[in-house]
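Encoded as C-alpha cells, the structure appears first; notes follow it.
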Amino acid sequence: MKQFNNFIGGAWIAPDSGEYFENRNPANRDDVIGRFPLSGPTDVDRAVKSATRGFADWRSTPAPARGDVLRIVGDIMATRKEEIADAMTREMGKPLTETRGDVQEGIDTAYYAASEGRRLFGHTVPSELRNKWAMSYRRPIGVAGIICPFNFPMAIPTWKMFPALVCGNACVFKPAEDVPHTATILVEILLEAGLPPEVIQLVHGTGEEVGAAIVEHPGVPLISFTGSTETGSIVGAVCGRMHKRLSLEMGGKNAQIVMADADLDLALEGALWGAFGTTGQRCTATSRLILHTGIHDRFLSMLVDRARTLKLGDGRKEGTDVGPMISEAAVDKVERYIDIGQADGADLLCGGRRPDDGKLGNGNFFEPTIFARVEAGSRLEQEEIFGPVLSVVRVASADEAFTVNNDVRYGLSSSIYTRDVNVAFRALNDLDNGITYVNAPTIGAEAHLPFGGVKQTGNGHREGGWQVYEFYSETKVGYADFSGTLQRAQIDNYLGAPD
Ligand code: UN1
C-alpha cells in the first residue's frame, strides 16, 4: 500500500511518531488510497521553523513574480484537471461533475491571485502639509496556519493559500484527515510551479493534534480556519489569548424561500441541487426550504417525486446524482437527526435511512431525505446537520419567510425564488446572510467574489475575491516629508482656526 509523507523543511519526510492512518474511499471502504502521517506538535514545530526561513526570502520576492508562480500553478491544475477530479472523488465521494468544479474553483483562484500580484493596491493620498507625501501599502505578515475541511479538498485550500502566498506569506497547511491525497497533489503542484520549498509545509494528522499545535504555535501569527462553529470557538479563544489574526468560516443553516409567484420548475431544480449536491455537505447547502402556503402542497409533491429518483452511487460512475457521505460518523450524525425530527413531530416524506441496495453497503451512503411540517425553532430547523436532509417550513408571507430565515444562529447564504422585483430586493436587503441569491440556489458562490457569513458563521472576514487580500496583508503607512523643515501635523496646516 502506498505510504505518503509530510512535506516539511523542503523534503517529504515521515512523522516523528512513525505512525500512519489509512485513507479509504467513502464509496467503497475496501478501497484504500494510502497511508498518511499521524503527525504531532514536534512535526508542526519543525514545519513552522522551516516556513519562517521560507518567509524571509519569499517576502522580498516581488509580488508580480510571486503571482507568476500562481499562474503556473493554475496552468498545471488545468492540464491535470481530470486526473485530480478523479482522485478527489475517490477520496471524498462527490460526483465527478462536482469535483471538476472544485478543481476549476482552484484554477480560477490561481489566475485571480496571479493577477493580484500586479495590483495589491495601497493608497496615495494628499498630505495636509506642503511638500509631504502620504501613502499606505501592504506588507506580508509571516507564517500562515491554514486549516481546511474535507468538502472542497482543492478549492478551499486554494482560497486561503493562494492569496496568502501572493501577499508574501509562507504557509503551514493542515488538510482535513479525510482528504490528505488531494492536499498532497496540491502541494506537489505548488512545488512543480516553482514555489520555493520552504514557503509551503504540509502536515497531516488530526485537528486535535496538528490543528491545535498550529493554532497554539507562537511562530504562526495568522490562522485561517474552515470547519464547525464549535471548533471555531476553541480556535478563536486561543487566537484571542495570543493576539493572532484569525479568519473563521464556520456553520450554516441556509434556507431557500419559494414565493407563490415563483417559477416552480426553476425553484425545484434549485432546491434539489442546493440540498443534495455534495450530499448536503456544504456550508452553503440548502438545509431549510421555506414554502409560501400558496404553493406549499404542489411544490412539495413535485420535490418529493424528484428526490426519490436521485441516483445514489459511486461518484466515479456515470449517472450518479448523489455520492456517499464522508464517513461512518457523518452518517451516524444524520441518523440521530432523523430520530430528533421524528420525535419532534415532523413528517418524514422520503429517505431517512441508509439505502437497501446491497451494492452500496460498502460505502457511507444515506438517502436524500425530506421532512415536512417542520416547526420554526425546532432542532431540525435550527442545527447544522451537514448531510442530505431538507426541512420544509410553511409560511404565509414574505415577512414571515424572512423572519424564519433570520431566526437562526448562522448566516451564510440564502435564496429566494420570486418574480416580484420588490420582494427580491427586499430579500437582498433584509435577509441576514453574507450571500443572498435571487432565483438561484444557496450553493455556487463564484471564486472572484467575497465569500463568508454573518453571526456565528464567521468572524467578519471574507474569503475569495478582492477582500481576502486584506486579511493576508498588513497595512503600513508611509509619510515622506521633503520640505526640509519641521512641519507639525494638525498644527502647521495652512487653514488656521475658523473666524
Ligand atoms: C463550503 O461549503 O464550505 O458556494 C464552500 C459554494 C461553493 C463553496 C462552498 N463554491 O457552494
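Report, in debye and to the nearest 20, how large the dipole of region 108-195 comes out about its Cα centre when Lys and Arg carry +1 and Asp and Glu carry -1 on their Cβ. Don't jump to the answer; show the numbers that get you there.
Values: 8 positive and 7 negative charges, 135 e Å.
Roughly 640 debye for region 108-195.
Cross-link partners among lysines for residue 81, C-alpha distance below 28 Å, same-chain residues fewer than 8 apart left out?
Here the lysines satisfying the reach criterion relative to residue 81 are 2, 94, 160, 174, 311, 317.
Each residue of region 251-268 in order: what ³J(HN,Hα) in whole Hz does its phi give by Karplus 6.51 cos²θ - 1.76 cosθ + 1.60, θ = phi - 60°, with x for Gly and Pro?
Per-residue couplings from phi come out as x, x, 8, 7, 10, 10, 9, 10, 7, 5, 8, 6, 6, 5, 5, 5, 4, 5 Hz.
If all Cα-Cα distances of the chain are sorted into 10 Å bins from 0 onward, what percent lands in each bin, rounded to whole numbers?
4, 19, 27, 24, 15, 7, 3, 1, 0
Which one, 200, 156, 460, projects farthest toward the positive side of the charge dipole computed for the chain from Cβ point charges (K/R +1, D/E -1)?
The residue sitting farthest along the positive end of the dipole is 200.
Take 242, 325, 1 and order them by how many other Cβ atoms sit within 10 Å, fewest up front. The partial results should precede the final answer.
Working: 242 15, 325 27, 1 8.
In order of increasing Cβ crowding within 10 Å: 1, 242, 325.
Which whole-number percent gives the relative contact order of the chain, counting Cα pairs below 8 Å spaced six or more residues apart? Mind showing how you got there, number by number?
Numbers: 1142 pairs, mean separation 89.8, N = 499.
About 18 percent, as a whole number.
In what order do 421, 304, 395, 143 fall by count of nearby beta-carbon atoms within 10 Å, going from fewest to most?
Fewest-to-most Cβ neighbours within 10 Å comes out as 421, 304, 395, 143.
Region 12-55 to region 204-270: how many Å between their Cα centroids?
A separation of 22 Å, based on Cα centres.
Per Stokes-Einstein, at 25 °C and 0.890 mPa s, what whole-number D in µm² s⁻¹ belongs to region 328-484, with the Kirkwood radius over Cα pairs as the hydrodynamic radius?
On the way: Rh = 18.6 Å.
D = 132 µm²/s.
Once the principal axes of the Cα atoms of region 61-190 are found, what is the range along each, listed largest first in whole angstroms?
Cα spread of region 61-190 along its principal axes, largest to smallest: 65, 26, 22 Å.
I want to check the label-to-label distance for residue 467 and residue 483. Put each point 7 Å from Cα in the C-beta direction and report it in nm to one decimal.
Taking the simple label geometry, residue 467 and residue 483 are separated by 3.9 nm.
Can you find, among 448, 482, 363, the residue farthest towards the positive end of the dipole of region 342-499? Put +1 on the C-beta of Lys and Arg, -1 on that of Asp and Glu.
So the residue furthest toward the plus end is 363.
Once each part is reduced to its C-alpha centroid, what is the distance from region 70-105 to region 328-345 in angstrom?
32
Would you list, by chain and number, the lysines whose Cα falls below 30 Å from the Cα of residue 132, excluding same-chain residues fewer than 8 positions away?
476
Please arrange 244, 174, 311 by counting, for each residue, the other beta carbons lying within 10 Å of its beta carbon, fewest first.
Values: 244 20, 174 31, 311 10.
Sorted ascending by nearby Cβ count, the order is 311, 244, 174.
Take the alpha-carbon positions of region 161-274, form their convex hull, and give its projected area averaged over all directions (one quarter of the hull surface) in nm². Working shown, then result.
Values: hull surface 41.0 nm².
Averaged projected hull area, Cα only: 10.3 nm².
Just how large is the dipole of region 209-258 about the Cα centre, in debye to the nearest 20, putting +1 at every Lys and Arg Cβ and -1 at every Asp and Glu Cβ?
Approximately 180 debye in magnitude.
How large is the direction-averaged shadow of the alpha-carbon convex hull of region 128-167, in nm²?
Numbers: hull surface 18.0 nm².
Averaged projected area of region 128-167's Cα convex hull equals 4.5 nm².
Bear in mind that the values in this text are calculations on the coordinates, not laboratory data. All values derive from a computational prediction rather than experimental measurement. Backbone-built Cβ (ideal geometry, glycine too); neighbour counts: all protein chains shown.
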